[in-house]
Every structure is written in C-alpha cells, then in structure tokens.
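Down below is the structure, laid out as structure tokens.
The values are calculated or read from the model by the stated rules, or taken from the named source; none is laboratory data. Keep in mind it's a predicted model, so treat the numbers as computed, not measured. So basically every Cβ, Gly included, is an ideal-geometry build from the backbone, and we count neighbours across all protein chains shown. Just the protein is used for accessible areas: all its heavy atoms, side chains included, with ligands, DNA and RNA removed. Shrake-Rupley method; radii C 1.70, N 1.55, O 1.52, S 1.80 Å.
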Amino acid sequence: MVATTLTEWAYPLAESLLAEPLPRRWAHCLGVAERARIIAPALGDDADLLEAAAVLHDIGYSPDLAKTGFHPLDGARYLRDVARANERVVRLVAHHSCAWMEAEARGLREDLESEFPRDLPHLDDALCFCDMSTTPDGTPTDPVDRIDEITDRYGADSLIGKFIRRAEPEILACTARVLERIAAIKRQPV
C-alpha cells in the first residue's frame, strides 16, 4: 500500500523507530497524535500535518537516531536527511515544545535555528499543546501536571528540569492560544 497522506506515511515510520526499543515513548507519541486529532477542527488543512508531526515528534530518542542527545535536533535531522520528509513536518519536530530553550541550554540553539527555521507559530503552539497534554504513557493530562511530572522525572536541578521550568510560561501561553482558537471555532455559527 502506498501512503497517500502524511499521517499514513508517519505512523509506520515512527512505530519502526520507537515501538520496540522505547514502547513507553511510542505510547506517548500515539497519545500526542490523538490530541492532534481532537483539535483538528481548529487547524483546517493543517490537521494532517500536525498529526504526522505529533506521532513523529519524539523519534530523536530512538537509539538508532540519537547523535547529539538533543532529541528534537536528532529527529529532525533524520527526517530531513534520511526520510526526506515534508519540510513543515521536519520543522515542527525540530521545534516542538519550546525546543529552542533546551537547545540554548545545551549550546545547540544556533544549530537548531540555522538548520530549521521556525515559521509555523500556530502549529508550534498546537504541537506543544498536544505534547504537554499527554503523559509519558499516552493518556491525557493538563500542562501544569505534565510540567511537574517532567520536573520530577528528571530532577529539578537537571538540565531538563531547569529547561521545563523556564519554558513553563510559554508552554502555558501556547495552551491558552490553542484553547482560544478552539473556542473561536466553536463560537462560529453552524
């Protein structure tokens, strides 16, 4: 069967990279993709693009892809260089969930932004919302609890713990913008 949509292409690729070596990460990615389907009405023609990016967003954790230790960059480079993915999917994976802040902490911000320009703000917001509304096991949560969970899992004084607390205001702002877009759609007359 030939994939006809981005999502039909993305799911088997993500599964091949995550399901066996990182089943919990795979469950998380499936949950993030489910959140993307839920908010699809607010995205119009970009719904398929967001769902594809959602299921692929954490492939950089795959042991086969991890090169820098910074999963957004490793995943995006694989999608660009090996999978020859849609450029917009690649950029969304590269910048998901305030990745620029973590890149800065790792000394990789220039690499990230020079290789993958950030120019999809409404979709960056949507992917951040989906990621931060999903537990590591793929179940729904709220962004505040998700940020707390990440801090607890990695430790408040770790690079990730410090990054996620620094990113918290922007994550919550992304959430607010997405929820406002959804509310605006729902307010439109049928």
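Laid out as a table, the results:
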item: Ordering of 125-135, 67-77, 39-49 by packing [mean C-beta count within 10 Å, highest first]; result: 125-135, 67-77, 39-49
item: For peptides 160-169, 137-146, 25-34, sequence by mean Cβ density within 10 Å, most packed first; result: 25-34, 160-169, 137-146
item: For T134, residues with placed amide H under 5 Å, excluding near neighbours; result: T141
item: Tail beyond 25 Å, pair distance distribution of the chain (Cα, percent); result: 29 percent
item: Solvent-accessible area per residue, Å², over the chain with all protein chains present [probe radius 1.4 Å]; result: 47 Å²
item: Sequence ranges 175-188, 83-96, ranked by mean other-Cβ count within 10 angstrom, highest first; result: 83-96, 175-188
item: Of the DSSP H helices in the chain, those whose Cα atoms cover at least 24 Å axially and whose Kyte score averages -0.5 or more; result: 159-187
item: Gyration tensor over alpha-carbon atoms, segment 126-183, equivalent ellipsoid semi-axes in Å; result: 21, 13, 7
item: Förster radius 22 Å - calculated FRET efficiency between Y154 and H122 (Cβ-Cβ, nearest 0.05); result: 0.15
item: Within the accessible area of the chain (1.4 Å probe), percent carbon and sulfur; result: 55 percent
